[in-house]
Amino acid sequence: LCGFALAYARLLARGTWGARAAVAALVLASLVPPASLIHAFSDEQRQAVKARLGMGVRPPRPPASGPSDPGAYPALLEWVRASTPPAALFLTDDFAFRVRTRRSITGSDKDGAFLFLAGSRPFTDWYRLSRELEVCRAARGRGCWFELGRRFQVDYAVVDPALAEAGAPPDFQKVWERGGWSVWRRL
């Protein structure tokens, strides 16, 4: 951010019309939200660029198995809003779930955007959790999904169709199910 201020100051110090035009172009370019520029490209293109830059590339989510029920996810959101306390903590990495239900979740990709303001330690912890969630998803939830729920002391765990092999642990009780989606309450 300091670089922008220095660039503006250096350009304005020149006092030429070209420099002023460059400042105006920078101001206009800064009005474009970075997310709209980044998401103008497909996920595959973004992952390819990350790989070429040597950054970690997240593994693809495994496909959901079994029949799909397009009404299951909206029904899940409605059930959560109507049947769970607003202060409940959910194990899910679906950012839309948090927005649509107004319930707290354990973490999603979007959380890292503001976490850097708290310093490097919380950001590093968030990054590790993010990678754990990806590895668990790649394993279809087998042996790890509910373990994460225990570790983070969630009230509920959301199991989506891509986590079909998460199992049925004795310390969680299934309280809702439809179309491959289920909600489990921690006992």
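The values are calculated or read from the model by the stated rules, or taken from the named source; none is laboratory data. Fair warning: this is a prediction, and the values are worked out from it, not measured in the lab. Using ideal geometry, Cβ is built from the backbone for each residue, glycine included, and neighbour counts are taken over all protein chains shown. Each accessible area value is taken on the protein alone, full model and side chains, heavy atoms only, with ligands, DNA and RNA left out. Shrake-Rupley method; radii C 1.70, N 1.55, O 1.52, S 1.80 Å.
Tell me the per residue accessible area of the chain using a 1.4 Å probe; a whole number in Å² is fine.
That works out to 64 Å² for each residue.
Packing-wise, with mean Cβ within 10 Å as the measure, how do 141-147, 73-79 rank, highest first?
Descending mean neighbour count gives 141-147, 73-79.
Net charge around CYS136, counting only other residues with Cβ within less than 10 Å of its Cβ (Lys, Arg = +1; Asp, Glu = -1)?
With Lys, Arg at +1 and Asp, Glu at -1, the net is 0.
To the nearest 20 debye, what is the magnitude of the charge dipole of the chain about its Cα centre, counting +1 on the Cβ of each Lys and Arg and -1 on the Cβ of each Asp and Glu?
Dipole of the chain, to the nearest 20 debye: 580 debye.
Could you work out the relative contact order of the chain, using alpha carbon pairs under 8 angstrom and six or more residues apart, expressed as a whole percent?
The normalised contact order for the chain reaches 20 percent.
Using helices alone, what [θ] at 222 nm do you get for the chain, with -39,500 (n - 2.57) per DSSP H run of 4 or more residues, divided over all residues and rounded to the nearest 500?
Values: 9 runs with 91 residues, N = 187.
The per-residue figure over the chain is -14500 deg cm²/dmol.
Could you work out the local net charge near TRP181, counting Lys and Arg as +1, Asp and Glu as -1, over the other residues with Cβ closer than 10 Å to its Cβ? Don't skip to the answer; put the middle values down first.
Details: positive: ARG178; negative: ASP69, ASP160, GLU177.
Summing Lys/Arg as +1 and Asp/Glu as -1 gives -2.
Within the chain, what whole-number % of the accessible surface is contributed by carbon and sulfur, with the 1.4 Å probe and all protein chains included in the calculation?
Values: 7430 of 11900 Å².
Ligands and nucleic acids excluded, carbon and sulfur reach 62 percent.
Taking springs between alpha-carbon atoms closer than 10 angstrom, which of ARG150, ARG100, ARG52 fluctuates most in the Gaussian network model of the chain?
Most flexible of the set in this elastic network: ARG52.
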